[in-house]
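The values are calculated or read from the model by the stated rules, or taken from the named source; none is laboratory data. Small disclaimer: the values here were computed from a predicted structure and weren't measured. Positions of Cβ are generated from backbone atoms using ideal geometry, with glycine treated the same way; all protein chains shown enter the neighbour counts. Please note that ligands, DNA and RNA were not included when accessible areas were found on the heavy atoms of the full protein model with its side chains. Shrake-Rupley method; radii C 1.70, N 1.55, O 1.52, S 1.80 Å.
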Amino acid sequence: MNEGVTDTEIINRVLGGETAAYAELVTRYQHFVFTLALRFTHHREDAEEVAQDIFIKAYRALSDFRGAAKFSTWLYTIVYTTSITFLRKKRMVTTSIDDDNIFLELESKDSGLKANQVEQKSRTASLAKAIGMLSADDAQIITLFYKAEQSLEEIGLIMGLEPNSVKVRLHRARQRLKEKIEKYMKHEISSIYDD
């Protein structure tokens, strides 16, 4: 993949008839899309299925991309709506905040990891649990800012808010996340950081 080529250039090539160029966008954003889909679905197999749907929908709607925001912002809106639609169709009760199965599965596969990698995984699992304890809005804004690396302006476009409102909501969401970590995960966090 040519890193110097912009998303817009690839999109223009695809829209110009070079449909194979779409594979470059898929390669560029597959981790981003899968990570976010997993955040919504909580199951690897579901996230893989949703990610495929997202790329198909994005391909079909590519001519609607106007370039007013970054491609990743536009793509996130498809990730969000596709994930929510999938969950509704499956009539899935929002899964528990417990992402342990994902991390236990990874740990069993990677039992030979070095101690610091296991420690990092534990921190990631703890953070995922804490985010899962937040309201849907708080979890969404934290996920968009930290995992999807969207700017305040981009989050505003996605959520239909002014950037200043996003900043306030993000600050409040961080505070609530900190409270959840301190209240519910004090023992778990202290055991991670105590050597």
Among the residues of the range 146-177, which ones are at pLDDT below 85, of a type in the set (D, E, K, R) and either within 22 Å of A130 (Cβ to Cβ) or assigned to a loop (DSSP other than H, G, I, E, B) (or both)?
K147, E149
Go through the range 52-69 and give me each residue that's crowded, with 16+ Cβ neighbours inside 10 Å and either in contact with a strand residue (DSSP E or B) (Cβ under 9 Å, 6 or more places away or on another chain) or at pLDDT below 85 (or both).
A69
I'm trying to understand the selection: among the residues of the range 31-67, which are touching a residue at least 12 places away in the same chain (Cβ under 8 Å) and assigned to a loop (DSSP other than H, G, I, E, B)?
H42, H43, A61, F65, G67
Which of the following residues is under 15 Å from the mean Cα position of the chain (by Cα), over 21 Å from I155 (Cβ atoms) and either open to solvent by 80 Å² or more (accessible area, probe 1.4 Å) or of a type outside the set (G, A, S) (or both): E18, E48?
E48
Checking S72 against (1) within 18 Å of the chain's Cα centre (by Cα); (2) open to solvent by 60 Å² or more (accessible area, probe 1.4 Å); (3) at pLDDT 80 or above: exactly one of these is not met. Which one?
(2)
Are there any pairs, at least 6 apart or on different chains, whose C-beta atoms fall under 6 Å, with the first in the range 152-181 and of a type in the set (G, A, S) and the second open to solvent by less than 90 Å² (accessible area, probe 1.4 Å) and in a helix (DSSP H, G or I), and if so, which?
G156/P163; G156/V166; A173/D138; A173/I141; A173/I142
